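Read through the structure below, which is laid out as structure tokens, and then see the notes.
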Amino acid sequence: MFKTPTAALATTLVLLLGGCTTPEPTQTASPTPPSSPTPAATTPPKPVTAPPEKPDPAINGEIEQYINKLAGRGYAREKQGVWIQSQDTLLANYNGTIPLSAASVTKMATTVAAIETFGPEHQFTTEIGINGTVKDGVLQGDLVVVGGEDPLFVWEEAIGLGNTINKLGIKQITGHLIITGKFYMNFEFDPLTSGELLQQGLNGKNWPAEAETQYQTMPPGTPRPQITINGGVKIIPTPPPNTKPIIRHFSQPLGKIVKLMNMYSNNYTAQMLADSIGGAKAVAEKAAAAAGVPPAEIQLINGSGLGEENRLSPRAACGLFLALERDLKPYNMTVADIAAIVGQDLGVLQTRTAINLGVVKTGTLNNVSSLAGLLPNQKYGFVCIAIINSGAGADAFRPEQDTILSQLLQQWGTVTTPPPELKPTPWQNGKTSGSQIIPTD
């Protein structure tokens, strides 16, 4: 079901994300080591969604009119769902507890499961070692890369890593570039392809055009690494005996990874994160528990939303945003640090001006158009809303969604400044990706 991206598509995604990724620090940077996974809660969290009975009659009536309009155009009522709540108050419920095809709103389940598993400050670690001796700039042996499931290892990371290797005096490797563990580069799942891309990135004389482009986004004066690998790339299941660790490379913090994932709705990042958690089933279980909804309301076949078999109830979609808000408070973070802000962030939401300043995730498949998130307004501060529409020609749903949301926001009062709960924070405090030399005895 989930396919490895073609080289051309991977390149496009690299260029797309690269312009918004914090540049790789110089080789002297010392990133903070990854934080420990957040301990599992000893008691189930209190449900964050309101009871499904007795929605506000006036607002629920407007939603019924919205559904009637779609039904008049031939769309099946049973394939449409809406859930709206403010704090503990239910405002609207139409098929709100029925799991429906949710497209990329599914990524919010992956987001919540990842944050609850690792914590937003977690950094994935890729370890670099040598199997041999170094003399006069030549490693007589192999360079060994032990992958640590970093989903955002791209050209800039390879360039920074190459410069750190050069700093250790290594310019030529007589053996192989050995890849072991789960190592991804430029969103490639295949370890051989990822290894070949890394080999290119380590030698500034052999960069393809996209690497040159990404190099231009790095700090002026960043060196071009020069590492020649004579033996090519080799994939083995475990590191060779007597491999000596020399470098640890830390990823961007998880919070930034999922922010970029949600801004650009990156399917590859989502699937890599889901795999790191244990797969679609584990993501669904963690997400349902976090949102406090029955497991049947979150049904997943992958972590990205590709495939109409990925189903969320509108209540569950809202519950995921509300659970995320709860889970981030101990870190002094908000959902705006993790999901896209309409009108402020680049990415797939730039045209959804009807929900300006909302913190939202959308999804689109051939027959599905979905939207969920937190929308600021004067009356309630913010409301959580989820709309899931299914039927032929999904693009036709977007203007209808924008119309009903604009109608409701006009009634509640639009805002020019979001409430504190929907404002981003400086939570990273300089924490970024980078390579750290491992001290030797």
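The values are calculated or read from the model by the stated rules, or taken from the named source; none is laboratory data. Only a predicted model underlies this, so the values are computations on that prediction, with no experimental measurement involved. Note that each Cβ is placed from the backbone with ideal geometry, even for glycine, and that neighbours are counted across all protein chains shown. Side chains are part of the model used for accessible areas, which takes the heavy atoms of the whole protein and leaves out ligands, DNA and RNA. Shrake-Rupley method; radii C 1.70, N 1.55, O 1.52, S 1.80 Å.
Yes/no per residue for (1) out of contact with any helix residue (DSSP H, G or I) (no Cβ under 8 Å at 6 or more places or on another chain); (2) modelled with pLDDT under 50:
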| position | (1), (2) |
| --- | --- |
| 4 | no, yes |
| 11 | no, yes |
| 27 | no, yes |
| 42 | yes, yes |
| 51 | yes, no |
| 60 | yes, no |
| 67 | no, no |
| 88 | yes, no |
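For residue 255, the conditions (1) crowded, with 21+ Cβ neighbours inside 10 Å; (2) closer than 20 Å to residue 163 by Cβ all hold with the exception of (2).
When you check residue 371 against the structure, is it under 25 Å from residue 87 (Cα atoms), assigned to a helix (DSSP H, G or I) and open to solvent by less than 20 Å² (accessible area, probe 1.4 Å), yes or no? No.
Please work out if residue 89 is within 20 Å of residue 374 (Cα to Cα), open to solvent by 10 Å² or more (accessible area, probe 1.4 Å) and free of Cβ contacts under 8 Å to residues at least 60 places away in the same chain. Judged against the criteria, residue 89 is a match.
Within segment 157-177, if we keep just the residues that are assigned to a strand (DSSP E or B) and surrounded by fewer than 24 Cβ atoms within 10 Å (Cβ to Cβ), the residue that is farthest from the chain's Cα centre (by Cα) turns out to be 172.
If you take the residues in segment 291-305 that are touching a strand residue (DSSP E or B) at 6+ places or on another chain (Cβ under 8 Å) and more than 16 Å from residue 114 (Cα to Cα), which one is most open to solvent (accessible area, probe 1.4 Å)? Once the filter is applied, the top-ranked residue is 299. Could you go through segment 185-196 and let me know if any residue there is within 11 Å of residue 158 (Cα to Cα) and open to solvent by 20 Å² or more (accessible area, probe 1.4 Å). Looking for residues that are within 11 Å of residue 158 (Cα to Cα) and open to solvent by 20 Å² or more (accessible area, probe 1.4 Å), one finds none in segment 185-196, hence no.
For residue 136, the conditions (1) acidic (Asp, Glu); (2) open to solvent by 10 Å² or more (accessible area, probe 1.4 Å); (3) touching a strand residue (DSSP E or B) at 6+ places or on another chain (Cβ under 7 Å) all hold with the exception of (3).
Identify all residues within segment 340-363 that are modelled with pLDDT under 95, assigned to a loop (DSSP other than H, G, I, E, B) and within 18 Å of residue 386 (Cβ to Cβ); write none if there are none. Across segment 340-363, the qualifying residues are 348, 349, 352. Taking the stated definitions as given, is residue 264 surrounded by fewer than 21 Cβ atoms within 10 Å (Cβ to Cβ) and either under 22 Å from residue 415 (Cβ atoms) or of a type outside the set (Lys, Arg) (or both)? Taking the combined requirement at face value, the residue satisfies it.
Taking the listed residues 154, 145, the one that is surrounded by 24 or more Cβ atoms within 10 Å (Cβ to Cβ) and more than 19 Å from residue 228 (Cα to Cα) is 154, with no other qualifying. Please go through segment 306-332 and pick out each residue that is open to solvent by 10 Å² or more (accessible area, probe 1.4 Å) and either closer than 16 Å to residue 360 by Cα or aliphatic (A, V, I, L, M) (or both). Within segment 306-332, 306, 315, 322, 325 qualify.
Against the condition touching a Pro at 6+ places or on another chain (Cβ under 8 Å), farther than 19 Å from residue 96 by Cα and among the aliphatic types (A, V, I, L, M), how does residue 306 come out, does it pass? When the stated conditions are applied, residue 306 does not pass them. If the condition is being loosely packed, with under 11 Cβ neighbours inside 10 Å, outside any helix (DSSP H, G or I) and polar (S, T, N, Q), then segment 390-441 contributes 416, 417, 429, 440.
Within segment 219-239, being surrounded by fewer than 18 Cβ atoms within 10 Å (Cβ to Cβ) and assigned to a loop (DSSP other than H, G, I, E, B) holds for 219, 220, 221, 223, 224, 230, 231, 232, 236, 237, 238.
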